[in-house]
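Let me begin by presenting the structure, written as structure tokens, before commenting on it.
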Amino acid sequence: MAKNKHGGKKPEQVDDSFGSVLQVGPGFRLADLDPAATPGFSGKKKDAEKAMDAARDEIDDLQERLYAGGRDGDGPAILLVVQGMDTSGKGGVMRHVVGTVDPQGVRLHAFKAPSVEERRHPFLWRIRRELPPPGYIGVFDRSHYEDVLVVRVHDLVPPATWRRRYDQINSFERSANDRGIHLIKVMLHISSGEQKARLQERLDRPDKYWKFNPGDIDERERWDDYQQAYQAVFDKTSTEQNPWYAVPADHKWYARLAVQQLLLEELRGLDLHWPGPDFDVAEQQRRLAAT
């Protein structure tokens, strides 16, 4: 394995930083992104699995440093936001990426349709309540972006309302940065054909019935509307400070590797160190020796 610029080991099949090849920049068009592509990675499924295994020790070490540094109520945190169409693989990311890190340092929240109580408040109220404290990796399975995706596609509020929300979201995310929260915003991009195949599998297999929701077909009928809504999200909220990453997701193994590597790159970029003692080490060593 080759060394990358952060000093960690990079699997041979990883051609470049996932952040650099997946980041949504000016002029990005979702329609031009091949959902079956594997940007930044030249290997196959078995290579991706090996690469994920190889990265886990480093992620464990960096996550523990992050958690230890936040014990005094200060320091950075990470917020991983995962969006995508139904069947895009959000659950797989939760199991195979988030599920492999130390649970004591993770805050996972899956946002559903707003409750009666939540609807009484501004749309970001319920999001603010779930932001990760210092030292934690927060994970949003769906997020505040539902309020410019589902809400827009289904005309749940007047257009003037959801149009204002892009700027409100940008301001909210900057305020999260000011609190030391580093955002990783990921959109898992699958093709219409792949989604159809995954829904068909859920209908073909009794052990998958529990995952099928008839409403998924209703949403599928609005495919083009959702693609337009996601494009607007990228155009208006992929900023230099808080960019989006568009991850091709027709290959589940690639999407999982990409999200893991984005998390690893963010952890490396924090330049984490073990916190120093708030006691006299030598004195405590003498006390212990005397017992």
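The values are calculated or read from the model by the stated rules, or taken from the named source; none is laboratory data. Just so it is clear, the structure is predicted and the values come from calculations on it, not from any experiment. Reconstructed Cβ throughout: ideal geometry from the backbone, glycine too, with neighbour counts over all protein chains shown. Please note that ligands, DNA and RNA were not included when accessible areas were found on the heavy atoms of the full protein model with its side chains. Shrake-Rupley method; radii C 1.70, N 1.55, O 1.52, S 1.80 Å.
So the values come out like this:
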| read-out | value |
| --- | --- |
| Residues with amide H under 5 Å from that of L79, placed H, sequence gap 5 or more | G138, H182, L183, I184 |
| Placed amide H near G84: partners under 5 Å, 5+ positions off or other chain | L188 |
| The range 126-201 versus the range 207-236: alpha-carbon centroid distance in Å | 14 Å |
| Over the chain, relative contact order from alpha-carbon pairs under 8 Å, at least 6 apart, % | 31 percent |
| Over 32 Å (Cα to Cα) - which of K185/K208; K208/K236; K44/K112; K112/K208 fall in this group | K208/K236; K44/K112 |
| Ratio of the Cα radius of gyration of the range 96-151 to 2.2 N^0.38 Å, where N counts its residues | 1.25 |
| Carbon and sulfur %, accessible surface of the chain computed with the full protein complex present, 1.4 Å | 48 percent |
| Distance in nm between pseudo-label sites at S191 and H121 (7 Å out along the Cβ direction from Cα) | 4.2 nm |
| Potential extension, R202-N170 segment - 0.36 nm per residue separation minus Cα distance | 7.8 nm |
| Accessible area in square angstrom per residue, the range 19-81, 1.4 angstrom probe | 52 Å² |
| Potential lengthening between R163 and E58 on full extension [0.36 nm per residue; Cα-Cα distance subtracted] | 33.7 nm |
| Hz values of 3J(HN,Hα) by residue in the range 130-142 - Karplus curve (6.51, -1.76, 1.60), Gly and Pro given as x | 9, 5, x, x, x, x, 9, 9, x, 10, 10, 8, 6 |
| Semi-axis lengths, Å, the chain, gyration tensor of Cα atoms, sqrt of 5 times eigenvalues | 34, 24, 19 |
| Largest to smallest principal axis extent of the C-alpha atoms in the range 223-284, angstrom | 67, 29, 15 |
| Backbone N within the range 56-70 under 15 Å of label point (7 Å from D278 Cα along the Cβ vector) | 68-70 |
